[in-house]
Amino acid sequence: MSAAPSSRRAPGPADSNEARRESRASHAVRLADGQVRLAGRIVWSDVDIEISRGEFAAILGPNGSGKTTLLRVLLGELALARGTASVLGRSAGALKRQVGYLPQRRHFDESTRIRGVDLVRLGLDGARWGLPLRRSGGERVDQAIELVGAGRYARRPIGALSGGEQQRLLIAQALVSEPQLLLLDEPLDSLDLPNQSAVAALLERVCRERGVTVLLVAHDVNPLLSYLDRVVYFGAGGAVVGAPREVITAQTLSRLYGVAVEVLQTADGRLAVVGLPEAPAHHTDRHAH
């Protein structure tokens, strides 16, 4: 009696395509063999990045290494010279309403009278992508404000608030459309150390409680280290990607920055990076918290 034919079959092209689709779906951000050229100059090359959905990741590296450039690629504003980029399983820029974006910090002086709640509403009204304004979504605006802990001062003029308070409201503006991915360009810039820690903790809470993938550019990794799942460190024309303890080593950072960088471990096991070149001078938070 002949044996019954096996139900197994050799994997074919359809299996490979299905595996690629599943891989794309599981990643919020995926870059393969990425290269960027600006004004004829290669900014970075041979970059492979995978950020899983729900992860909290930081983009780090020396000034001019291409950190903000990566955000522009993910937003669909800048095309790769080589390689592929996908965001939430689609080509970069295809799902704009599912991506919240906070650009480099805006400074509101004391003469700025727009209320915090109205600033947050702009994120719902689609000002970022040129959609028409509308008078709706008040509940979502209120929820975003409460999520970032800004309810106490959201109806005050934005110019009367501290830097930390302003930044919370700007984060609420990026979150009000309920994005799956949140991109932030130096959200800790200009804040004092207590506010840096508070904003880092807030973003980690949004990531864990709401399942939002958070990807932010930062100059100083230290306020973020205890919260991060993954780091993308640019430097020397490329990038190193991995878990913080895999990437943040004295040898790796010294190579990327081109200067001696030390990585210390505190008594309670936390990492601390010392010896990084100074960032350009910024305005400081003018209000105490």
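Any read-out appearing in this document is the output of simple, stated calculations on the displayed coordinates, not a laboratory observation. In this text, all values refer to a predicted model and were calculated from it rather than measured experimentally. So basically every Cβ, Gly included, is an ideal-geometry build from the backbone, and we count neighbours across all protein chains shown.
So who's got an amide H within less than 5 Å of the one on Gly238, skipping anything under 5 residues away but keeping other chains? H placed 1.01 Å off N, in plane.
Ser45
Pull out the extension gain between Gln251 and Arg210, defined as 0.36 nm times the separation in residues minus the alpha carbon to alpha carbon distance; nm, one decimal.
11.2 nm
Suppose R0 equals 35 Å. What FRET efficiency, 1/(1 + (r/R0)^6) with r the Cβ-Cβ distance, do Ala236 and Glu139 give to the nearest 0.05?
0.15
With θ set to phi - 60°, apply the Karplus curve 6.51 cos²θ - 1.76 cosθ + 1.60 along the stretch 36-43 and write out the HN-Hα couplings as whole Hz, x wherever there is a Gly or Pro.
3J(HN,Hα) across the stretch 36-43, in whole Hz: 10, 10, 10, 6, x, 9, 6, 7.
Can you give me the convex hull volume of the Cα atoms of the stretch 167-289, divided per residue and expressed in Å³? Walk me through the intermediate numbers first.
Values: hull volume 15.9 nm³, N = 123.
Normalising the Cα hull of the stretch 167-289 by residue number yields 129 Å³.
Between Arg106 and Arg152, what FRET efficiency comes out of the Förster formula 1/(1 + (r/R0)^6) with R0 = 22 Å and r the beta carbon distance, rounded to 0.05?
On the way: r = 21 Å, r/R0 = 0.97.
In this case the efficiency is close to 0.55.
For the stretch 58-180, what Kirkwood radius comes out of the mean inverse Cα-Cα distance, in Å?
Here the Kirkwood hydrodynamic radius works out to 15.8 Å.
What translational D, rounded to a whole number of µm²/s, comes out for the stretch 54-103 from Stokes-Einstein when the hydrodynamic radius is the Kirkwood one over Cα pairs, at 4 °C and 1.567 mPa s?
108
Which order do peptides 266-277, 61-72 fall in by mean Cβ count within 10 Å, highest first?
Descending packing order for the listed peptides: 61-72, 266-277.
For the residue pair Leu38 and Asp220, what label-to-label distance in nm results when each label sits 7 Å from Cα along the Cα-to-beta-carbon direction?
2.4
I want to check the label-to-label distance for Ala267 and Glu178. Put each point 7 Å from Cα in the C-beta direction and report it in nm to one decimal.
4.7
Give me a comma-separated list of calculated 3J(HN,Hα) values for the stretch 166-177, in order, Karplus coefficients 6.51, -1.76, 1.60 applied at θ = phi - 60°, integers in Hz, x for any Gly or Pro.
With coefficients 6.51, -1.76 and 1.60, one gets 4, 5, 4, 5, 5, 5, 4, 4, 6, 8, 5, 7 Hz.
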